[in-house]
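The values are calculated or read from the model by the stated rules, or taken from the named source; none is laboratory data. Keep in mind it's a predicted model, so treat the numbers as computed, not measured. Using ideal geometry, Cβ is built from the backbone for each residue, glycine included, and neighbour counts are taken over all protein chains shown. With ligands, DNA and RNA removed, areas are computed over all heavy atoms of the protein, side chains included. Shrake-Rupley method; radii C 1.70, N 1.55, O 1.52, S 1.80 Å.
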Amino acid sequence: MQIENILQSLGLNSENQGTAVGGRFFGSGNKIHSFSPVDAKKIGSTSSTTQQDYEEVVNAALEAFAVWRTTPAPVRGDMVRKFGDRLREKKAALGALVSYEMGKSLQEGLGEVQEMIDICEFAVGLSRQLYGLTMHSERPSHRMYEQYHPLGIVGIISAFNFPVAVWSWNTALAWVCGDVCIWKGSEKTPMCSIACQNIIAEILQEEGLPAGISCLITGDYKVGELMTKDHRVALISATGSTRMGRIVGQTVAERFGKTLLELGGNNAMIITPSADMKVTLTAAVFGAVGTAGQRCTSTRRLIIHTSVYEKYKEAIVNAYKQVRIGNPLDENNHMGPLIDKDAVSNYLQTIEEAKAAGNTILVEGGVLEGAGYESGCYVKPCIIEAQNHQAFVQKETFAPILYIMTYESIDEAIELQNGVPQGLSSTIMTNDLRESEQFLSAAGSDCGIANVNIGTSGAEIGGAFGGEKETGGGRESGSDAWKIYMRRQTNTINYGRSVPLAQGIKFDL
Ligand code: UN1
């Protein structure tokens, strides 16, 4: 598909406005230009949201909430079902736009849209399962139960690396829960945000639903701050760096708002002597170079048993030679560019730090030059022998840099895996039941995600997604993650003719 056709089929122009209430786009703030990291061409421009635009958005969202919160949940689910169906129709175009604007491989771009479709299906079923519990009251002729009510406005702040899916994980659940959403996508991928807004706006219009159910704002962190400081926004769901999350968390806590934080990862794979080599190599290479190492779940560390270290070192170095880097829309390539030149300098700086510390570089990194690489954002995936405690290993560099290190005992391997500030994803490659169970036990991995014989990335939407420690503690998508999008209410009903007090307290008039 030609880029022009893709843009057209998603309702994108060369000049767009970045503030929207449903399908009504407005706002005249500063221009934001979107350049593709694939070929450095300008995709289009949009405008950022001003304080005044923002007020208009919040008012529309509150108005929509008044209607949406009393719409029966299965009816809300039906809207999400239609949205999922429309995404199916738009999958090819939206997947290609994700690939072109963000730089991930087309397969991964399509996979991202598939995640959106999957979460819609999940949410439709959920719309009939927003269960609360019933309890037995200690008082005679009393009934006790709990119910979940819609929260209000959900503010979504998402990152460039999953420019469409993360929005839908939040919106699909929030909508069936009766909430309305205001989304600030990354200013690095504004065309993806507008394309998504266009799709949902069509559905809202066709269904005669209030446009304020889905709103869009655009801009840098200052636009995000309008939401984080606003007491009218009940929940802030933010995906991004730990640095950003710390500020968002503090700001929202100050006003007793709710947060769902999905922050940095520093994900490791433990490779044991009994690991299946083919399975391990495929999982490790996809984990490390997929999305050019720009997933929060990307594999950043391999912790390899000393007895198989040399064997794996050679195999992974050889496997890296097979990785084809180039235009991500060409399906022959495994890996596309980094998002922008800032990302390239962070990548180079981290490699420099490792070199300055005297670490051995097993696979040299570097920026690719020449035909097809003119954007300056294509880099080579790099492998470095490292020690877990080294400062550059302890931080998350959003790039294809893989650290490898050794361990002697399974206890030591788990300690190394846990020995970083972040706690998102982890995996062990083993055919030894004792090892895998220890890894999954209370004394095992401290991450929100712990896998066996699969990679650290590529989670399915059915499970709760998120992590501990500096990853922020939030859980999105499957399982009971929906509960954060609702407020819980405990109801006690007296159908008797007296007022017996709880705890046996006597109080007679
Ligand atoms: C992210 O990188 O922010 O598990 C999300 C995965 C994807 C989601 C990643 N399903 O890799």
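Points to keep in mind about this one:
- Of the residues making up segment 443-489, just one is away from the ligand (no atom under 16 Å from the Cβ), assigned to a loop (DSSP other than H, G, I, E, B) and under 17 Å from the mean Cα position of the chain (by Cα), namely Asp480.
- Counted residues, segment 202-258 - those being crowded, with 19+ Cβ neighbours inside 10 Å, under 17 Å from Ala20 (Cβ atoms) and out of contact with any helix residue (DSSP H, G or I) (no Cβ under 7 Å at 6 or more places or on another chain): 4
- His136 in the same structural domain as Ser34 (by TED's automatic domain parsing) and either without any contact (Cβ under 8 Å) to a residue 60 or more places away in the chain or among the polar types (S, T, N, Q) (or both): yes
- All conditions but one from (1) open to solvent by less than 10 Å² (accessible area, probe 1.4 Å); (2) not in a loop (DSSP other than H, G, I, E, B) apply to Glu412; the one that does not is (1).
- Single match in Thr280, Thr306, Thr272, Thr291 (criterion: under 20 Å from the mean Cα position of the chain (by Cα) and either surrounded by fewer than 16 Cβ atoms within 10 Å (Cβ to Cβ) or polar (S, T, N, Q) (or both)): Thr291
- Within segment 320-340, the set of residues being in a helix (DSSP H, G or I) and crowded, with 16+ Cβ neighbours inside 10 Å comprises just one member, Tyr320.
- Of the residues in segment 147-159, at least one is surrounded by 24 or more Cβ atoms within 10 Å (Cβ to Cβ), hydroxyl-bearing (Ser, Thr, Tyr), closer than 23 Å to Trp183 by Cα and in the same structural domain as Val233 (by TED's automatic domain parsing).
- Cβ pairs under 7 Å, 6+ apart, first in segment 436-461 and under 19 Å from Leu261 (Cα atoms), second near the ligand (Cβ under 9 Å from one of its atoms) and of a type in the set (Lys, Arg): Ser457/Arg295
- Contact map, segment 149-166: residues that are farther than 18 Å from Met227 by Cα paired with residues that are among the basic types (Lys, Arg) and within 16 Å of the ligand (Cβ to nearest atom), Cβ distance under 7 Å, separation 6+ or inter-chain. Pairs shown: Phe160/Lys188; Asn161/Arg295.
- Filter result for Val67 (in the same structural domain as Ala195 (by TED's automatic domain parsing) and either modelled with pLDDT under 95 or open to solvent by less than 20 Å² (accessible area, probe 1.4 Å) (or both)): no
- Candidates Ile182, Ile199, Ile156, Ile203: the one that is among the β-branched types (Val, Ile, Thr) and within 16 Å of the ligand (Cβ to nearest atom) is Ile156.
- Number of positions in segment 380-421 that are more than 18 Å from Thr280 (Cβ to Cβ) and either among the hydrophobic types (A, V, I, L, M, F, W, C) or not assigned by TED's automatic domain parsing to the domain that holds Asn346 (or both): 10
- Within segment 291-323, the set of residues being basic (Lys, Arg) and within 11 Å of Glu396 (Cα to Cα) comprises Arg295, Arg300, Arg301.
- Test: residue in segment 19-26 that is more than 16 Å from Leu226 (Cβ to Cβ), exposed (fewer than 13 other Cβ atoms within 10 Å of the Cβ) and more than 26 Å from the chain's Cα centre (by Cα): no
- Some residue of segment 119-133 being in a loop (DSSP other than H, G, I, E, B), over 30 Å from Tyr495 (Cβ atoms) and within 16 Å of the ligand (Cβ to nearest atom): no
- Cβ separations smaller than 6 Å between residues 6+ apart or across chains give the following pairs from segment 56-85 residues that are in contact (Cβ under 8 Å) with a residue 40 or more places away in the chain to residues that are hydroxyl-bearing (Ser, Thr, Tyr): Ala73/Ser127; Pro74/Ser127; Arg76/Ser127; Gly77/Ser127.
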